[in-house]
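Participant: A single structure is presented below for examination.
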Amino acid sequence: MSSDSEVDGPGLSVPLLEPRDGLPPVVVTEADLAEVTGRLARGQGPVAVDAERASGYRYGQRAYLVQLRRAGAGTVLIDPIACPELSGIDAALQDAEAILHAASQDLPCLAEVGFRPRQLFDTELAGRLLGYPRVALGTLVEEVLGFHLEKGQSAADWSVRPLREEMLRYAALDVEVLIELRDALAVELAEQGKTEWATQEFAAVLAAKPAAPRPDPWRRTSGIHRVHARRGLAAVRELWTTRDSIAQAADLSPRRVLPDTAIIEAARALPVSAAQLSRISGFSGRQARRHEREWLAAVDRARSSADSELPDNTGGPLPTGRPPAHRRAERDPAAAARLAAARAAITAIAEANRLPVENLLAPDAVRRISWDPPQPCDPEAVTLALAGYGARPWQVALIAGPLALALNSGEVETPEAGDD
């Protein structure tokens with residue numbers, strides 16, 4: 001589906017260079033915030049929403065710019081550092097559907113400033129349900145509407161002040177055609193019989209609770225697979241924890257304080273002096289040099305830890321008791337066979353309905369139900385198990401029967417969209 005403004009010729013699109021109403025000023029005072037709040041309240045229809053963060057530069061995921069656009073109100077740019085309380089915006093838009101792209105990324109930082117949508121249309125999620133192979137905002141806008149969005153500022157440092165004009169222009173354009181994109185995708189969802197699927201998915205995004213903190217977040221350090229000794233893993237843990245404390249205090253992204261590669265190399269070498277530490281790439285940066293003593297103290301804590309205090313080098317037991325993936329076939333061949341059959345069944349159903357496999361059923365749910373299937377393993381029991389794993393009704397309706405067959409015998413059925 002293309003905009004009437006699309007230029008003629010295959011693969012050509014209209015570049016969006018300037019906001020259609022001009023670049024609005026950034027709201028930085030309470031008086032201006034009150035004015036745009038009233039304007040948004042008097043607007044009509046859904047509201048396009050976006051937020052810019054500085055996760056590669058600052059600690060955490062806070063918003064450094066909030067953009068909104070609504071018919072009758074135009075585009076609004078708000079500085080949440082100068083105006084950190086947007087509960088008035090929230091109240092003004094409580095009955096409006098919020099349109100976001102990849103909403104799960106922006107909803108937490110919007111909630112921090114008091115904006116919590118009650119209704120949602122997620123254009124990225126809609127694109128996934130419709131089977132688009134690439135669902136980045138710029139790609140979808142170009143493919144669906146025929147407009148080209150310049151995304152050169154996507155990795156900019158949005159914590160800088162003042163924000164440069166080209167950054168503000170980029171931010172305003174991100175909500176410029178979001179409403180039109182939503183309307184076009186809604187038509188396609190209806191044509192494919194997936195409107196109810198999308199409704200359930202959007203509701204699930206809004207209802208999702210913040211993820212519980214990982215018990216061992218340091219285990220996600222990039223390259224940790226290269227550290228095999230338990231004392232080396234203890235060094236990763238101590239260096240990661242030290243880096244996180246420094247980064248939080250300085251409001252810097254942890255990787256700007258010390259890269260993961262430096263943590264891994266130090267954990268493998270276990271340096272005992274500043275000279276040895278300085279020979280490891282990554283510890284020579286300005287931020288890292290400031291905390292030389294803290295790095296050495298972290299390594300020393302790992303080196304002097306008792307054996308009982310060292311972390312498990314297997315990553316610890318899995319919550320369901322499943323062995324590591326590469327050991328499952330030998331530990332429980334029947335469970336491995338069930339998993340293979342379940343994956344084949346779900347893949348076939350996803351392909352028949354033009355869906356990414358992960359949007360049909362979360363991979364962890366597939367593993368869990370395959371490793372520990374309900375007894376008796378019939379469609380009714382599988383339905384209850386899937387609901388317990390968070391599957392939505394539309395997903396259960398598609399896969400419960402075929403999955404029960406696969407878990408029992410490996411047979412595969414592929415119901416089409418709209419079939420019960």
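Participant: For the stretch 237-267: of the residues being aliphatic (A, V, I, L, M) and free of Cβ contacts under 8 Å to residues at least 40 places away in the same chain, which is farthest from residue 62 (Cα to Cα)?
Facilitator: Here the residue is 266.
Participant: Find the residue count for the stretch 132-172, including only residues that are out of contact with any Phe, Trp or Tyr (no Cβ under 9 Å at 6 or more places or on another chain) and either at positive phi or hydrophobic (A, V, I, L, M, F, W, C) (or both).
Facilitator: The qualifying residues number 9.
Participant: While we're here: Quick check, is residue 173 more than 22 Å from the chain's Cα centre (by Cα) and buried (at least 20 other Cβ atoms within 10 Å of the Cβ)?
Facilitator: no
Participant: Pairs, please: C-beta under 6 Å, at least 6 apart or cross-chain, first residue buried (at least 19 other Cβ atoms within 10 Å of the Cβ) and in the stretch 277-305, second outside any helix (DSSP H, G or I)?
Facilitator: 277/271; 277/283; 288/258; 299/270
Participant: Restricting the first residue to the stretch 109-126 and requiring it to be surrounded by fewer than 22 Cβ atoms within 10 Å (Cβ to Cβ), which pairs with a second residue that is part of a loop (DSSP other than H, G, I, E, B) and among the small types (Gly, Ala, Ser) meet a Cβ separation below 9 Å and a spacing of at least six or different chains?
Facilitator: 109/60; 118/96; 119/96; 124/102; 124/136
Participant: So, residue 182, is that one in contact with a strand residue (DSSP E or B) (Cβ under 8 Å, 6 or more places away or on another chain), assigned to a helix (DSSP H, G or I) and either among the charged types (D, E, K, R) or open to solvent by less than 50 Å² (accessible area, probe 1.4 Å) (or both) or not?
Facilitator: For residue 182, the condition - in contact with a strand residue (DSSP E or B) (Cβ under 8 Å, 6 or more places away or on another chain), assigned to a helix (DSSP H, G or I) and either among the charged types (D, E, K, R) or open to solvent by less than 50 Å² (accessible area, probe 1.4 Å) (or both) - is met.
Participant: Which members of the stretch 127-142 meet the condition of being open to solvent by less than 40 Å² (accessible area, probe 1.4 Å) and in a helix (DSSP H, G or I)?
Facilitator: 127, 129, 137, 138, 139, 140, 141 - these are the residues of the stretch 127-142 that are open to solvent by less than 40 Å² (accessible area, probe 1.4 Å) and in a helix (DSSP H, G or I).
Participant: Here's a follow-up. Determine which single condition residue 198 fails, assuming it passes every other condition in (1) farther than 25 Å from residue 356 by Cα; (2) open to solvent by less than 60 Å² (accessible area, probe 1.4 Å); (3) not in a loop (DSSP other than H, G, I, E, B).
Facilitator: (1)
The values are calculated or read from the model by the stated rules, or taken from the named source; none is laboratory data. Fair warning: this is a prediction, and the values are worked out from it, not measured in the lab. Here the Cβ is made from the backbone with ideal geometry for all residues, glycine too, and neighbour counts use every protein chain on show. Note: areas computed on protein heavy atoms with side chains; ligands, DNA, RNA excluded. Shrake-Rupley method; radii C 1.70, N 1.55, O 1.52, S 1.80 Å.
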